[in-house]
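Shown next, in structure tokens, is the structure this report addresses.
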Amino acid sequence: MKLNIEGLLVYFPYDYIYPEQYSYMLELKRTLDAKGHGVLEMPSGTGKTISLLSLIVAYQRAFPLDVTKLIYCSRTVPEIEKVVEELRKLMEFYAKETGEVNNFLALSLSSRKNLCIHPEVSSLRFGKEVDGKCHSLTASYIRAQRHSNPNQPVCRFYEEFDAVGRQVPLPAGIYNLDDLKDFGRRKGWCPYYLARYAILHANIVVYSYHYLLDPKIADLVSKELAKKSVVVFDEAHNIDNVCIDSMSVNITRRTLDRCQNNVDTLQNTIHKIKETDAAKLREEYRRLVEGLKEANVARETDIYLANPVLPDEVLQEAVPGSIRTAEHFVGFLRRFLEYLKARLRVQHVVQESAPQFLKDIFDKVCIDRKPLRFCAERLQSLLRTLEIADIADFSAVTLISNFATLVSTYSQGFTIIIEPFEDRTPTIANPVLHFSCMDPSIAIKPVFQRFQSVIITSGTLSPLDIYPRILDFRPVTMASFTMTLARTCLCPLIVGRGNDQVALSSKFETREDFAVIRNYGNLLLEMSAVVPDGIVAFFTSYVYMENIVASWYEQGILENIQKNKLIFIETQDAAETSMALEKYQEACENGRGAILLSVARGKVSEGIDFVHHFGRAVIMFGVPYVYTQSRILKARLEYLRDQFQIRENDFLTFDAMRHAAQCVGRAIRGKTDYGLMIFADKRYARSDKRGKLPRWIQEHINDGSLNLTVDEAVQLSKHFLRQMAQPFRQEDQLGLSLLTLEQLQSEEMLQKISQMAHQT
Amino acid sequence: MDDQGCPRCKTTKYRNPSLKLMVNVCGHTLCENCVEMLFVRGSGNCVQCDTPLRKSNFRVQLFEDATVDKEVEIRKKVMKIYNKREFDFPSLRDYNDYLEQVEDIVYNLTNNIDVENTKGRMEQYQRENKDIIQRNKAKLTREQEELEELLLLQQQSNEQRRLEVLQEEQRQLQAKRKSKQALLDELEQSKLPATILLAQHKVRAAQLETQIEQQKQNVKPTSLFSTGIQIGQTVSLQPLPRIQEVLYQYKPLQVETYGPPAPDLEQLSRFGYESLLFFFILLHIQGSNPI
């Protein structure tokens, strides 16, 4: 259908539209008009992706000079593929309606592992291996060697691409990863480099968060993207953690040992080269003296190990004299390494700030701040000069040098924590140095500064105002949309007591209490008798789940449950979990019914949808607080309090509730779907917890569903399930939660929609 | 780490966890016991390289690689002599060259290359730059200064925060005690029923809470003087550098035209345009200062 959104003609590839989609597009258009950033929350299963795509594509067509590019960031490869499929649908609709072939180019980008078509390289299993092998075939000096020595193996796909691929642009169309590979095979071009080259002139790019947020990758891939782009972060409820992870470094004893080997190799190679080809080192030395910018010298395949973000003025300056020659630099690395080793030999936990660390390192091994800052840059140059092909081997020393650069560049927002052992195993020495970023705004700042509109969207972003605070930006629109429903298809219940009036809670004091565990068991048992097909139960941690399941087994509860349904358990092992999931779905499919026991913050809670009969009920046992004793978390909380005036408790509750909402949100993936959401902890009934749930869940929690006993919850669910089991046709939805074009244009509906967006 | 041990008595860290390894200027290790035994007389030769050593020069080995210990030792010595700072050089390039030279000396001394010559060079340098060395002794490098400043700031803010929290707690405690006392007094004296008094008290307590909340947000750090200078910062009292400026000099305006050259006054009068010119001048004067 064709929509008119404040004067913008939007093609929408479906015959019907949800009212919230319409109002979502309204908000989105206002954000784009204002050329600002936006935070938008809309429940999953209401067609967020297609609304985003159709509005932005329409906007691009109407104002090609204002918005030149859409950068769509998603989390996983399957999600990326899904987006591309939606886009394909949209483009087909455009072609059908307008009758002309439009010249839109949209493509997805992923790692070499997903895009390589070289028969040998692509057969490798791990991403790192693929990258290393690819580098050993395509680096510029390898290809230069081939001129003199034709036996030197190179990648023929890259050669072909390099020879002709750049002159002919990628023909317009929609390319997912497989399309790119097919195209590459047909032409004999390397799809990875083709895609990386093509994103510069593509209209729509779909890729993973890391290509924008991880400074090491962003520097390579996304450096030249135009300013007039719209960036969309989908499923962005965890974006702060992604930012933090991309800037943090963990160094263990093993890293240092591997690094020692690396340094030895470097030294040997330098010796060897000095005897055979001293001119090369002299050439590098000359370049460093001149202070030529590395980036101009390097070609695209060489920049495999990019440096972390550096202020521009540092990059312009010449490398300091103390690490200019290769031997001196290796000596420098050796000293730094020995210093780190000495630091890791601690008996108690040490926490210090970056300036303290720098002062100490100067006192102990006379290393200044300036050469440290150039460490990553200098190492890259050395590796390139030494022409070491297999760069994957050098990950340890690269990590160390990145750490050196980061620690000397940022004096604020980072902390260094050295722990001699893990908390769980205090007798085994396993020293770790955490260089931990506490400020997610550091990593995301360049994105906000560079692009004119950044949209952060997800199904669960409540409370909305905390994201702008922790990411340090000023949005022009913040809105939360609810799901308009023809029937109330979700039923959140807060179970606070057992049948024997014991308060249910996963808080630390009552964690071992048998009464609580028994009541949790009862809840699951009774639910398993009432709910058809699949039930998913989430616990707060693996340890807690193990304890509870063990005591359920002793009390004979598991046996009783198994009379009703089969039980599957998520474990930390990925293969085992995916097996369990497969069998769980099989059991739901053939009517036996099943229960999946899993963990909040685990793999199941984040990426896997339980549509329709795969998840008729979700039970959340306890409040999924993060492990609060962790020193990294403590440091971060302190930082949040000092810098952003966010209180510890507020942040912890916010974090716990967004994960709880993620978990229970797994059950409802559309308007025809229905499911129970059971929060089994009395703390959920408090308004400070409840108020942090997304609005679309909060709306359905009334006073009658607070602080229930197990019995009452069972009664309510029976009633709810019986109602939901009645036949439900599309006609029932029409006009209420599903609109045709005429219905949408009616005066009354437009008024309703304009009130819908919940501005904050 | 476990295979670290004394080369003479072959004890390792694994067998004797309290083993203390020592290192001397030559960069070879010995355990504490061996040092005690071999150097009873205060001096002797290294077991491995026969360098004459003194017992007082032995120190605990900090790093696993003893050569690094040796290097750091040498480096500290060299740095004492080569202590020029960046502002002692006309350009960054020169400074970098100097740094490299220092690095060369350290490298040579550590790896026993050309030791005699290098030492000679050092001595010569020391003689030549005596006063600079003396002058720079107490000075930190610019970066060191920055670091010190940052550390100081951190310390200050930590202290500040601690005090604030303490004060806040005190204030809250007092306020609560006061309101409680007030309630008791009222209950004692007032004639109103207790339920109303209790309700009133509740409202007042809530107000107090919000007040405290507001105060919390209003507290501002006081690490600045009113002039904007930070407390504890060292202010340099050097006179401001005089900026040399060149006086403005008039240069006749050169207008580049691509057409024919403009006629001069004489030519104009010949053509009979003089009166017109006069008129223009009059107009110009009138325009600039209206009468």
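Where a number appears in this text, it was derived from the coordinates with a stated rule and is not lab data. As the structure is a computational prediction, the values presented were derived from the model and not from experiment. Methodologically, a virtual Cβ is constructed for each residue, glycine included, from the backbone with ideal geometry; neighbour enumeration extends over all protein chains shown.
Electrostatic bookkeeping for residue A:600 treats Lys and Arg as +1 and Asp and Glu as -1; over the other residues with beta carbon under 13 Å from its beta carbon, the sum is 0. By other beta-carbon atoms within 10 Å, ranking A:613, A:37 with the fewest at the front produces A:613, A:37. Take the Cβ atoms of residue A:718 and residue A:122, set R0 to 56 Å, and the FRET efficiency comes out at 0.55. Past the 18 angstrom mark, what percentage of all C-alpha to C-alpha distances in the range A:29-149 do you count? Result for the distance tail: 67 percent. Considering the range A:460-531, its Cα convex hull presents a mean projected area of 8.4 nm².
Each residue in B:88, A:240 was given a count of other beta-carbon atoms within 10 angstrom of its own, and listing them fewest first yields B:88, A:240. Ordering B:26-33, A:181-188 by mean Cβ neighbour count within 10 Å, with the highest value first, yields B:26-33, A:181-188. On the beta carbon distance between residue A:702 and residue A:429, with R0 = 41 Å, the FRET formula returns roughly 0.15. Positive-end ranking of A:411, A:56, A:527 along the dipole of chain A, with charges on Cβ about the Cα centre, is headed by A:411.
Quick one: putting +1 on the C-beta of Lys and Arg, -1 on the C-beta of Asp and Glu, what dipole do you get for chain A around its Cα centre, in Debye to the nearest 20? Dipole magnitude for chain A comes out near 1200 debye.
Simple rule: put +1 on each Lys or Arg Cβ and -1 on each Asp or Glu Cβ in the range B:138-215, find the dipole, and look at B:207, B:167, B:192; the Cα lying farthest toward the positive end is B:192. Considering only A:448, A:479, A:466, the residue lying farthest towards the positive end of the dipole of the range A:432-488 is A:479, judged by Cα position with unit charges set on Cβ. Hey, in the GNM for chain B with a 10 angstrom Cα cutoff, which one of B:190, B:275, B:18 fluctuates hardest? In the Gaussian network model the winner is B:275.
Charging the Cβ of each Asp and Glu at -1 and of each Lys and Arg at +1, and nothing else, the dipole of the range A:490-727 about its Cα centre rounds to 580 debye.
Quick one: in the range A:490-727, what % of C-alpha pairs are over 27 Å apart?
Details: 8649 of 28203 pairs.
The calculated P(r) of the range A:490-727 puts 31 percent of pairs beyond 27 Å.
When chain B is treated as a GNM, springs tying every alpha-carbon pair under 10 Å, which of B:186, B:71, B:266 comes out with the largest mean-square fluctuation? Its mean-square fluctuation being the largest, the pick is B:266. Three principal axis extents describe the C-alpha atoms of chain A; from largest down they are 85, 71, 48 Å.
Here the convex hull built on the C-alpha positions of the range B:1-61 has a volume of 73 cubic angstrom per residue.
Per-peptide packing, taken as the mean over residues of other Cβ atoms within 10 Å, places A:573-585, A:83-95, B:247-259, B:109-121 in the sequence A:83-95, A:573-585, B:109-121, B:247-259 from highest down.
Any chance you could run the full-extension gain for residue A:563 through residue A:630? It's 0.36 nm times the residue separation minus the Cα-Cα distance, nm to one decimal.
Once the chain is fully extended between residue A:563 and residue A:630, it gains 20.1 nm.
Magnitude of the charge dipole for the range B:1-61, about its Cα centre and with charges confined to Cβ atoms of Lys, Arg (+1) and Asp, Glu (-1), is about 140 debye.
If I take all pairs of Cα atoms in the range A:588-646, what percentage of them are more than 13 Å from each other?
I get 73 percent for the Cα pairs in the range A:588-646 exceeding 13 Å.
Helix A:631-644 axis versus longest C-alpha principal axis of chain A: approximately 80°, rounded to the nearest ten.
Between helix A:354-365 and chain A there is an angle of about 30 degrees, using the helix long axis and the longest principal axis of the Cα atoms.
Would you kindly calculate the mean projected area, averaged across all directions, of the convex hull enclosing the Cα atoms of chain B, in square nanometres? Computed as one quarter of the Cα hull surface, the answer is 46.6 nm². For chain A, the longest principal axis of the alpha carbon atoms and the long axis of helix A:574-589 meet at an angle near 30°.
How much FRET efficiency would the formula 1/(1 + (r/R0)^6) give for residue A:509 and residue B:16, where r is the Cβ-Cβ distance and R0 is 41 Å, rounded to 0.05? E(calc), rounded to 0.05, equals 0.35. One Cα centroid belongs to the range B:15-56, the other to the range B:183-215; the line between them spans 77 Å. Sorted from longest to shortest, the spans of the Cα atoms of the range B:138-215 along the three principal axes equal 76, 18, 9 Å.
Between residue B:153 and residue A:652, the simple label model (points 7 Å from Cα in the Cβ direction) yields a spacing of 3.1 nm. Values of log10 I(q)/I(0) for the range A:80-218 across q = 0.13, 0.16, 0.21 Å⁻¹ run -0.62, -0.89, -1.35, by the Debye formula with one identical scatterer at each alpha carbon and no solvent. Modelled label positions at residue A:168 and residue B:59, each set 7 Å beyond Cα in the direction of Cβ, lie 6.9 nm from each other.
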